[in-house]
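Data block below; observations after.
The values are calculated or read from the model by the stated rules, or taken from the named source; none is laboratory data. In this text the structure is predicted, and so the values were computed from the model without any measurement. Because the Cβ atoms are built from the backbone with ideal geometry, glycine has one as well, and the counts that use them run over all protein chains shown.
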Amino acid sequence: MSLIDVIILVVKILVVLHIFLIGAAYVVLLERKESAWIQNRVGPNRTGWRGSLQSFADVLKLVLKEDIVPSQANYAFHTLAPIISIAIAVAVWMVVPFADPFTIGGKEIVPTVAPDLNVSLLLLLALSSLGVYGITLAGWASNSKYSLLGGLRSAAQMISYELSMGLALIGMMLCVGTLNITQIVDAQAGTWLGILPRWNIFVQPLGFLIFLVAAFAETNRAPFDLAEAEPELVGGFHTEYTGLKFGLFFLAEYGNVILMSAVMSTLFFGGYHFPWVENLPFFKEHDVLRALLQFSALFIKTLFFIFFFIWVRWSIPRFRYDQLMNLGWRVMFPLALANTVITAIVVALLK
Amino acid sequence: MATKTVKTGTPARLTFWEKLYLPEIARGMGLTLKQMFQPKFTREYPEERYEPVGSYRGRPVLVQEDYGERCVACGLCSRVCPALAIEVQAAETTKEKERYPSLFEINMLRCIFCGFCEEVCPEEAIVMSKDYELVFEHPEDAIFGKDKLLVPVSKLQDRLEFLRQYKNQR
């Protein structure tokens, strides 16, 4: 790897990191405004233009708060838990492709931090499974019964739904034939009969539904947010956290929301492909503009799913814990298995 | 005597579509989306202020006629105040109204806005105005003297009208 390659890699990492951090902060604002509009009120509208600087105010407030650690708690683990959460939330972004490769000054740039890994889908699933560690450690290290219970409930919920998530993705992988996310996105380019885009949702609708529900459970978002609901366990695993550590958990949760939205758009909705526009000859010549167009396509799709996450949060009542586990093991898992088996049979027959 | 059997309502069995839960989710989400386009109920304070009606008990003020304050410094309001917020000092004058308060102070940090002083006053000299915006930067600023308490009678017509209609019947 020459120096120029290293510089390009560092620039890509910095861009993704900044998109993540600023995006997560603005998703907080988006959630407040959207939940307010659903509830017939306006959200924050005093800081900045119509409240746009509220995210910075929130982050500043969290940074300036006192850092309180329970006296009997394990200080090392108490500090380590949010670090694990945020590190995992950021690290998974390395496999998300942002656009087709483009050339600047003779040098071809692939806008993915870790491009063309043959096992990138597996890496995605494995890294998102590591998120459980952060939560369990937080629950344990707080030295509080309720935090522990909240952390354990959260962890149990996450590992139950990871199974269905993986199986749904296997069904999709059988159709496409590869674990390489870049190739999965490439397989969704173009259209059928010139009208319908070749998105995976039309190929695997049940798989998408299972993945959607599992994504809600993975990110601890409503209606699966029992572990952190206020009337339930105060704050669940993050009760004993203040200041920047709480800010990191907060950021990691919204980062996971953005990640799941981006992954859903990438795997089932065609990723960065803009269905009918991007094959125009104008864009074949100006590939930097095409890259920007594709990046904006991914951005719009991700934004729609983030809106969807927040919309669902304020529409559906919370699941009780036993209902949640019942759904995960007795409904989602058999459905995902059935989906995989039927997909395998159909794919084998069509060969 | 015949006993009456009452049949308690048994819950209906859920239909297939209801058990699926997804159509119900879609209905719920449609409702929430519709709410986003309904008018908002937020009052944009301070651009949109709330103007109270006549029966509202704001801060107590001294009624000021063209000859000065109506108050004769009898001290009844000071005695009846449950929070001991009012301090009155009477003095003599050669005008037609011989008594007047040389010192009249209300500690707004103690005042509980109950309206007893207004009820007990024989001269209707102290009334509860509509003012609810009280902000102090120092606790010393909260002791209102006569300068801050005197309000011309023309501005208190709503309250005086309310008192005349509802409270002064006895």
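Let's see how each residue does on (1) surrounded by 14 or more Cβ atoms within 10 Å (Cβ to Cβ); (2) at positive phi; (3) touching a residue at least 24 places away in the same chain (Cβ under 8 Å):
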site: B:112; (1), (2), (3): no, no, yes
site: B:147; (1), (2), (3): no, no, no
site: B:154; (1), (2), (3): no, no, no
site: B:163; (1), (2), (3): yes, no, yes
site: B:167; (1), (2), (3): no, no, yes
Requested in this report: Could you pull out every one of the helices (runs of 4 or more DSSP H) wholly within segment A:233-351 that has 2 or more residues that are within 26 Å of residue A:90 (Cβ to Cβ) and not hydrophobic (A, V, I, L, M, F, W, C)?
Outcome: A:243-268, A:287-313
Report task. Evaluate segment A:100-107: report whether one residue or more is more than 14 Å from chain B (Cβ to nearest Cβ) and either aliphatic (A, V, I, L, M) or closer than 27 Å to residue A:27 by Cβ (or both). Result -> yes
Query - Residue among B:61, B:6, B:72 that is in contact (Cβ under 8 Å) with a residue 40 or more places away in the chain, more than 10 Å from chain A (Cβ to nearest Cβ) and over 24 Å from the mean Cα position of the chain (by Cα) - result: B:72
Report task. Show the residue pairs that are 6+ apart or on different chains and have beta-carbon atoms under 7 Å apart, the first residue being within segment B:42-53 and more than 16 Å from residue A:44 (Cβ to Cβ), the second being small (Gly, Ala, Ser). Result -> B:52/B:58
Requested in this report: Among the residues of segment A:238-289, write down those that are basic (Lys, Arg) and crowded, with 22+ Cβ neighbours inside 10 Å.
Outcome: A:245
Query raised in the report: Restricting the first residue to segment A:4-33 and requiring it to be acidic (Asp, Glu), which pairs with a second residue that is part of a helix (DSSP H, G or I) meet a Cβ separation below 6 Å and a spacing of at least six or different chains?
Result: A:31/A:310
**Report entry** Close pairs (7 angstrom Cβ cut-off, 6 or more residues apart or separate chains): away from chain B (no Cβ under 13 Å) and within 18 Å of residue A:260 (Cβ to Cβ) in segment A:294-323, surrounded by 16 or more Cβ atoms within 10 Å (Cβ to Cβ) and of a type in the set (Val, Ile, Thr) anywhere
**Finding:** A:302/A:258; A:306/A:27; A:306/A:257; A:306/A:258
Report task. Give me the pairs, please: first residue somewhere in segment B:11-36 and within 14 Å of chain A (Cβ to nearest Cβ), second residue anywhere and exposed (fewer than 11 other Cβ atoms within 10 Å of the Cβ) and at pLDDT below 90, beta-carbon distance under 7 Å, and either six or more positions apart or on two chains. Result -> B:23/B:17
Requested in this report: Check residue A:67 against each of (1) at pLDDT 90 or above; (2) under 19 Å from residue A:251 (Cβ atoms) and name the one condition it does not meet.
Outcome: (1)
Report summary line: For residue A:250, the lone unmet condition from (1) of a type in the set (A, V, I, L, M, F, W, C); (2) over 30 Å from residue A:35 (Cα atoms); (3) modelled with pLDDT under 90 is (2)
Report summary line: Restricting attention to segment B:37-52, the residues that are facing chain A (nearest Cβ under 9 Å) and either touching a Lys or Arg at 6+ places or on another chain (Cβ under 9 Å) or loosely packed, with under 10 Cβ neighbours inside 10 Å (or both) number exactly 5
Query raised in the report: Quick one: is residue A:57 more than 14 Å from every other protein chain (Cβ to nearest Cβ), of a type in the set (Gly, Ala, Ser) and under 29 Å from residue A:148 (Cβ atoms)?
Result: no
**Report entry** Matching residues in segment A:189-203 - criterion: being over 20 Å from the mean Cα position of the chain (by Cα) and not aromatic (Phe, Trp, Tyr)
**Finding:** A:189, A:190, A:191, A:193, A:194, A:195, A:196, A:197, A:198, A:203
Query raised in the report: How about segment B:1-90: which helices (runs of 4 or more DSSP H) wholly inside it have at least 1 residues that are farther than 30 Å from residue A:209 by Cβ?
Result: B:76-80
Report summary line: The number of residues in segment B:60-72 that are of a type outside the set (Asp, Glu) and buried (at least 19 other Cβ atoms within 10 Å of the Cβ) is 6
Query raised in the report: Hey, does segment B:93-106 have a residue that's of a type in the set (Phe, Trp, Tyr), in a loop (DSSP other than H, G, I, E, B) and closer than 21 Å to residue B:153 by Cβ?
Result: no
Requested in this report: Confirm whether residue B:128 is within 18 Å of residue B:83 (Cα to Cα) and in contact (Cβ under 8 Å) with a residue 60 or more places away in the chain.
Outcome: yes
Query raised in the report: Does segment A:24-53 hold any residues that are within 11 Å of chain B (Cβ to nearest Cβ) and among the basic types (Lys, Arg), and which are they?
Result: A:33, A:41, A:46
**Report entry** Lone unmet requirement of (1) buried (at least 17 other Cβ atoms within 10 Å of the Cβ); (2) under 30 Å from residue A:242 (Cα atoms) for residue A:182
**Finding:** (2)
Report summary line: Exactly one of A:182, A:136, A:178 is in contact with a helix residue (DSSP H, G or I) (Cβ under 7 Å, 6 or more places away or on another chain), of a type in the set (S, T, N, Q) and either in a loop (DSSP other than H, G, I, E, B) or over 20 Å from residue A:324 (Cβ atoms) (or both), and that one is A:178
